[in-house]
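What follows is calculated from the coordinates using simple rules that are stated; it is not laboratory data. Note that the coordinates shown come from a computational prediction; the quantities given were computed from them, not determined experimentally. Note that each Cβ is placed from the backbone with ideal geometry, even for glycine, and that neighbours are counted across all protein chains shown.
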Amino acid sequence: MQSILELSNIDYYYHTVSGETKALSNISFSVTPGEFVAIVGPSGCGKSTLLSLIAGLLTPSNGEISYHEHPIAPEDTRQIGYMLQKDHLLEWRTIKKNVLLGLEIQKKLTVDTLSYVEQLLDTYGLSSFADKHPSELSGGMRQRAALIRTLVLKPDLLLLDEPFSALDYQTRLNVSNDIGNIIRKEHKTAILVTHDLSEAISMGDRIIVLSSRPGRIRRIIPIQFSQELTPMEKRNASEFKHYFNMIWKEFERNG
Ligand code: ADP
C-alpha cells in the first residue's frame with residue numbers, strides 16, 4: 001500500500017548559545033492510510049521534535065520526509081491536524097465557536113462544512129454543549145471538542161502530542177478510549193506520541209520504541225489483538241500483558 005508519510009534517515013540538532021544538542025538520530029519509518037502509529041520513549045527523547053518535523057514546524061538537519069510519495073511541501077502541512085496536551089480552547093468562545101475557529105481562519109465556512117460540524121457535535125455528544133463555554137465542560141469533553149475542532153478541517157493525518165497527559169488517571173483512561181474510538185470511526189490516519197506504554201498498546205496498530213536522547217528507533221512492534229476491541233477492552237485482553245512486557249524490556253535496556 002502507498003504510504004501517506006515516509007521519514008528517511010532523519011537527524012535533528014538543536015543549536016543554542018551553549019552548543020549543539022542532537023535530538024534525533026537516523027529515524028526512518030512510514031505510515032499507511034488509516035493506520036494508528038504510537039511512538040513511545042522516555043521524556044526528552046525527541047518525540048515532540050519528531051511531530052514538529054512532520055508538521056513542518058521544524059526542518060530536518062539530515063534526511064527526508066515524503067508525503068503521499070513526494071517530498072513534503074509547506075502546503076501539505078495544511079492537511080495535517082495537531083492535537084496537543086492542552087486543548088487550547090478559547091474561554092470567551094462557545095464550544096461551537098471554538099470548533100468553527102479553524103474553518104473561519106481558513107475561510108471555509110460553508111453550508112456543507114457547517115452541517116459537518118453539526119453532525120460531528122451530534123455524533124460525539126456535544127450538541128447540547130454547543131452554546132456552553134469551555135469552563136463549563138469536563139476535561140474529557142474539552143478534549144473531545146478539541147478533537148472535533150481538528151476533525152472539521154478533514155485532516156489527512158492527525159498528530160497527537162501527549163493529548164491526555166494533563167488529565168487525571170481515570171479521566172485519561174476514559175478520554176483515550178473515547179478519542180481512540182472516534183479516530184477509528186472517522187477512519188483517520190494518526191500518529192500519537194506518549195510516554196505511557198499502556199496508552200500506546202491500547203490505541204496503536206504499530207508501536208515505535210525510541211531510545212533516550214538522541215532518539216533512535218529501538219524497535220517497531222506491530223500490535224494485533226485476536227478480535228476487534230476498543231482501547232479500554234484491549235487493556236483487559238490477554239495479548240495486552242504480552243506486549244506490555246515486550247516493550248517494557250525494550251525500555252529497560254534503553255540507554
Ligand atoms: P520529548 O517530547 O520526547 O520529551 P523533545 O522533543 O521535547 O522530547 O526534546 C528532545 C530533546 O531536545 C530534549 O532532551 C531537549 O533537551 C532538546 N530540546 C528540545 N527543544 C529544544 C530547544 N528549543 N532548544 C534546545 N534543545 C531543545
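For residues in segment 198-208 being touching a helix residue (DSSP H, G or I) at 6+ places or on another chain (Cβ under 7 Å) and within 14 Å of Asp161 (Cα to Cα), which is surrounded by the most Cβ atoms within 10 Å (Cβ to Cβ)? Among them, the one singled out is Met203.
Here Thr94 clears all of (1) among the polar types (S, T, N, Q); (2) within 15 Å of the ligand (Cβ to nearest atom); (3) more than 19 Å from Leu192 (Cα to Cα) except the condition numbered (2). Please go through segment 189-208 and give me each residue that is over 12 Å from Met83 (Cα atoms) and not in a loop (DSSP other than H, G, I, E, B), ordered by number. Across segment 189-208, the qualifying residues are Thr189, Thr194, Leu197, Ser198, Glu199, Ala200, Ile201, Ser202, Met203, Arg206, Ile207, Ile208.
Apart from one condition, Ser115 fits all of (1) more than 30 Å from Ile220 (Cα to Cα); (2) within 16 Å of the ligand (Cβ to nearest atom); (3) among the hydroxyl-bearing types (Ser, Thr, Tyr); the exception is (2). Note on segment 159-216: residues that are within 23 Å of Ser28 (Cβ to Cβ), within 16 Å of the ligand (Cβ to nearest atom) and among the aliphatic types (A, V, I, L, M) amount to 11.
Of the set (1) farther than 17 Å from Ala190 by Cβ; (2) within 12 Å of the ligand (Cβ to nearest atom); (3) polar (S, T, N, Q), all apply to Asn62 but (2).
Yes/no per residue for (1) assigned to a loop (DSSP other than H, G, I, E, B); (2) of a type in the set (D, E, K, R); (3) more than 15 Å from the ligand (Cβ to nearest atom):
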position: Gln2; (1), (2), (3): yes, no, yes
position: Leu7; (1), (2), (3): no, no, no
position: Thr21; (1), (2), (3): no, no, no
position: Ile39; (1), (2), (3): no, no, no
position: Cys45; (1), (2), (3): yes, no, no
position: Thr49; (1), (2), (3): no, no, no
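Of all residues in segment 2-29, those satisfying the criterion of being under 20 Å from Gln79 (Cα atoms) and either crowded, with 19+ Cβ neighbours inside 10 Å or not hydroxyl-bearing (Ser, Thr, Tyr) (or both) are Gln2, Ile4, Leu5, Glu6, Leu7, Phe29. Would you mind stating whether Thr77 is away from the ligand (no atom under 15 Å from the Cβ), free of Cβ contacts under 8 Å to residues at least 60 places away in the same chain, within 15 Å of the chain's Cα centre (by Cα) and over 15 Å from Leu160 (Cβ atoms)? In short, yes.
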